[in-house]
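Chemist: Pasting a structure here, questions to come.
None of the figures in this text is laboratory data; all of them are computed from the coordinates on show. Only a predicted model underlies this, so the values are computations on that prediction, with no experimental measurement involved. When we count neighbours, we look across all protein chains shown, and the Cβ atoms used for this are built from the backbone with ideal geometry, even at glycine.
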């Protein structure tokens with residue numbers, strides 16, 4: 001007999017406000033159906049991300065890439081409820097952090113999920129699950145946009161240091177031995193400094209590009225977490241990046257303006273106003289070794305998950321409403337009972 005559970009689901013493509021609902025009729029994953037390398041997780045908290053609603057909001061395009069109904073959320077932390085026959089790194093009762101495949105029907109905003117071995121990492125039981133739930137996508141994005149391109153002593157610039165990814169990027173840059181410059185708005189300067197940024201540019205008080213030029217540093221890496229402001233950052237970056245420096249543009253909302261920015265960065269030659277340095281357009285991917293490194297830093301107290309606000313499970317709509325407004329300093333987490 002099929003068992004059911006509570007979950008927040010996108011019932012059809014379209015705007016978040018019209019298409020999500022809380023159901024108690026979502027199919028609960030069956031222990032007997034677990035594959036050899038899978039575990040069943042009782043979800044205790046979920047971290048939310050803009051991608052949770054941006055892709056489903058693409059209408060007919062979304063129907064081509066997503067199954068509906070689609071349970072919301074990629075990031076979670078919870079307790080292992082069952083394990084497949086070939087799983088040896090965790091046992092029932094262990095705590096884990098996980099990032100799910102965003103293109104599958106399952107999602108983090110549910111009572112139970114199934115995760116393959118490559119999609120979770122073990123947590124110390126002393127590590128708070130609400131905090132750990134905010135780690136997955138944002139933490140991986142920060143790590144994967146910095147670690148491949150730097151060595152200790154390099155200067156890096158993070159455009160947008162106060163959001164979910166930026167708060168991780170500042171800390172990871174420092175953990176990797178880099179000198180970190182970042183940008184943010186006035187109310188969030190102190191937070192970025194507390195996270196370890198060596199220089200914080202308040203974009204409300206200073207011109208970001210001119211300030212970077214005046215500080216006289218040569219940068220090895222620019223990680224652009226904003227994409228639209230400053231509008232000419234990727235073009236101007238050649239004036240302060242080293243010859244082998246890299247400009248990483250984190251893929252954000254699928255939109256015409258976003259596509260135009262990406263196309264300009266990738267296709268326009270320098271003599272026509274394009275970027276002079278290597279440009280990487282980045283999208284997050286699951287990597288067990290990367291997630292495990294982040295979990296180890298979190299367990300050791302070396303990495304902090306900055307939580308802007310925690311919501312209860314029944315308040316998921318309000319949580320996404322705040323996320324959509326773009327005002328969060330760090331991550332927004334939904335507690336799952």
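Chemist: Relative contact order of the chain: what whole-number percent is it, with Cα pairs under 8 angstrom and at least 6 residues apart?
Modeler: Rounded, it is 18 percent for the chain.
Chemist: At 7 Å along Cα-to-Cβ for each site, give me the label-to-label distance between residue 335 and residue 68 in nm.
Modeler: 3.3 nm
Chemist: Just to be sure I understand the curve: with the Debye formula and one point per C-alpha of segment 19-138, what is log10 I(q)/I(0) at q = 0.16 Å⁻¹?
Modeler: -0.73
Chemist: Using Cα-Cα distances under 8 Å and only pairs 6 or more residues apart, what relative contact order does segment 88-213 have, in percent?
Modeler: Reported as a whole number, the value is 17 percent.
Chemist: Over all directions, average the projected area of the Cα convex hull of the chain and note it in nm².
Modeler: 17.1 nm²
Chemist: Same structure, new question: Counting only DSSP beta bridges with both residues in the chain, what percent are antiparallel, rounded to the nearest 5?
Modeler: Among the beta bridges of the chain, antiparallel pairing accounts for roughly 55 percent.
Chemist: Taking the chain as a Gaussian network, Cα atoms linked when under 10 Å apart, which of 185, 162, 292 shows the biggest mean-square fluctuation?
Modeler: 185
Chemist: Still on this model: Can you work out the FRET efficiency for the pair residue 92 and residue 185, with r the C-beta to C-beta distance and R0 = 45 Å, to the nearest 0.05?
Modeler: According to the calculation, E is roughly 0.50.
Chemist: Ok, one more. What spacing in nm lies between the two simple spin-label points modelled at residue 124 and residue 327, each 7 Å away from Cα in the Cβ direction?
Modeler: Here the modelled spin labels are 3.6 nm apart.
Chemist: Further, regarding this structure: Place the peptides 120-132, 204-216 in order of packing, highest mean first, counting for every residue the other Cβ atoms within 10 Å and averaging per peptide.
Modeler: With the highest mean Cβ count within 10 Å placed first, the list reads 120-132, 204-216.
Chemist: Ok, one more. Top mean-square fluctuation among 13, 187, 50, Gaussian network model of the chain, C-alpha springs under 10 Å?
Modeler: Per the Cα network of the chain with a 10 Å cutoff, 187 tops the list.
Chemist: Can you work out the FRET efficiency for the pair residue 37 and residue 1, with r the C-beta to C-beta distance and R0 = 22 Å, to the nearest 0.05?
Modeler: 0.25
Chemist: May I have the convex hull volume per residue, in Å³, for the Cα set of segment 131-186?
Modeler: Given the Cα convex hull of segment 131-186, per-residue volume reads 73 Å³.
Chemist: What does the extension gain come out to for residue 11 and residue 103, with contour length at 0.36 nm per residue minus their alpha carbon separation?
Modeler: Length gained between residue 11 and residue 103: 31.7 nm.
Chemist: While we're on this one: Add -39500 (n - 2.57) for each DSSP H run of 4 or more in the chain, then divide by its residues: what number comes out at 222 nm, to the nearest 500 deg cm²/dmol?
Modeler: -7000 deg cm²/dmol
Chemist: I've got another one for you. Determine the distance separating the Cα centre of segment 151-194 from the Cα centre of segment 307-337; give it in Å without decimals.
Modeler: 23 Å
Chemist: What full-extension length gain, to one decimal in nm, is calculated for residue 21 and residue 211 as 0.36 nm per residue of separation minus the Cα-Cα distance?
Modeler: In short, 63.8 nm is gained.
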